[in-house]
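A short write-up of the structure that comes next.
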Amino acid sequence: MLGIFSISGLLILTTSVLMAVFMFFQGKRWLNVMWGTFCISVAFWGLGAFRIGAISEPGQALWWWKFAYAGVIFIPVLFTHFVYIFLGISRRWSIYLFYTLGVFYLLANLFTNFFIRDVRYIFNEFYYLTPTPLYTTFVVFIFLGLVIYTHTLLFRAYMNSRGEEKRRIQYFFLATLLGYLGGSFSFLPVYNFDIYPFLNLTVALYPIIMGYAIIRHRLMDIKIVLTQLFVLVLLAVILFQALVAPLGSQEQLVNVGVLIAIITVGILLVRSVMKEVQQREHIEGLYTELREANEHLKELMNIKTEFLQIASHQLRTPLTSLRGLLEMQATGGFDSLPAEERRKMQQDMFGAANNLNNIVNDLLDAMELEGGKLNFTWEQVDVSKLIQEAVDTLMPSYEKKGLSLAYNKPPALPKVEADEGYLRQVFLNIINNAEKYTEKGGLTITTTLKPGRIEIAFKDTGIGIDPEELPKLFGKFVRGKKSALVHTDGSGLGLFIIKKIVEEHHGSVTLESEGIGKGTTVRVMLPLKQTKNNNHVRP
């Protein structure tokens, strides 16, 4: 009669082999192949445990222990490799080291007595191995050490992830922790702790749980669930009958033949169902794309509606003013005016036209930034040179108002990967805004090199901002109450445009002010290099 140790070994063998076969037929993805290989390693342990529990001769028991540990040695190594692949960790040197240690322990196990010396009869049931110092180093540093290490990696990834990825890691973490906790009880009798290793049974569960996590997007379909469960249960029953049948008997041969037939038919059946589901998913994918395109179209329509509403409001004032002045000039109203007053009227006309031009440009820029992807031209940009050019361009406006404009240029800065045209627009807008809302003092610009990025601070002595208004000012058509009184012709789009451009560069922009009358600091952070997976269109 089979004992619990043999039964747990049989269950481990059955679930691991089935999961290995299943994973190999799921596809040639490296993740699937690695998990299938890991399951084969667990299957070695299961087959060894099954045979050990049914053997009454110590020499044979010793041989099967060595056979079982040919799998056990590589269980933590393969699992670590699997976790690296799953989490996208590239540490080749450590993988090479782990596999080298695994081969070392494997050779010591198979060809010497330095790993497993002999066996002893325990629990009046079966022979258990006797450890050696080399065996203990494997248990402590390889098995337990790698188990703790990999679960630490999984736990950190779980804490830093979200959504579907978080649930997937949760499956892995809980399932492997369950399996390893149960498997670790196998070491207790080795060191004379008289506890029966019944928790080996949990090892039979976690290959199934983790395999489910890997292919969960398929198993969520009820047709595939029922088909796979039917095939797996049928295979488990036939495999169990084949293993418990007398060795070499006709019954065992028949069961093996039936097992092979079920595997073949089961694979074809599962593939057929999965193909049907894939076709359905393709149709659902097309539907999703159409729905997203429709949502995007609605969003563009909303932008258009918003543009027309704001345009009618923002453009009416300068257009009315310009129309009135032009009508005056066309009807001869300027003819009787003194030269100085006529010149002032012409300046008002130019100002209204210039204001109209600025508002239209802001509206068009905002629509382009809001409407979708931008065609950025990425190049190595000298930020110091670009800021200096913006300072030189706007210096006359500052001097006209008696304001200072200082750029604390550092001795050397690395170039930034950016779109020079858009970045120039950001600097010009910030410096121009500071001039509009500053009556005394001026603007000081400072650049600082930080790890992987450059920080540019624009600190003015202007009207300042109420701290309660700071979070709102990057929105479209939003202006501070004080600024709206000082500069009535603004579009409320300047900060929105600045923020969008900087964010497209994977940077950040913040506003700082201690309150009304205490000045404002605009702080721009720009990365030195753009990420490879950004959404911009590169030339």
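Using the Cβ-Cβ distance between T288 and Q347 with R0 = 51 Å, the FRET efficiency computed as 1/(1 + (r/R0)^6) comes to roughly 0.35. Annotation: K518 carries an accessible surface of approximately 130 Å², with a 1.4 Å probe and no ligand, DNA or RNA atoms counted. Counted by Cβ distance under 11 Å from P58, the other residues give a net charge of -1, where Lys and Arg count +1 and Asp and Glu count -1. With R₀ set to 45 Å, the beta-carbon distance separating L87 from T448 gives a calculated FRET efficiency near 0.85. Available extension along the chain between K401 and E379 is 4.3 nm, counting 0.36 nm per residue and deducting the alpha carbon span.
Here L174 and T37 are evaluated by their C-beta separation; at R0 = 30 Å the FRET efficiency comes out at 0.85. For the pair T136 and E439 in one chain, pulling the backbone fully straight at 0.36 nm per residue adds 101.3 nm over the alpha carbon distance.
The values are calculated or read from the model by the stated rules, or taken from the named source; none is laboratory data. Here the structure is a predicted model, which means the values were calculated and not measured. Please note: Cβ atoms are built from the backbone with ideal geometry, for glycine as well, and neighbour counts cover all protein chains shown. Accessible surface is based on the protein model in full, side chains and every heavy atom, while ligands, DNA and RNA are left aside. Shrake-Rupley method; radii C 1.70, N 1.55, O 1.52, S 1.80 Å.
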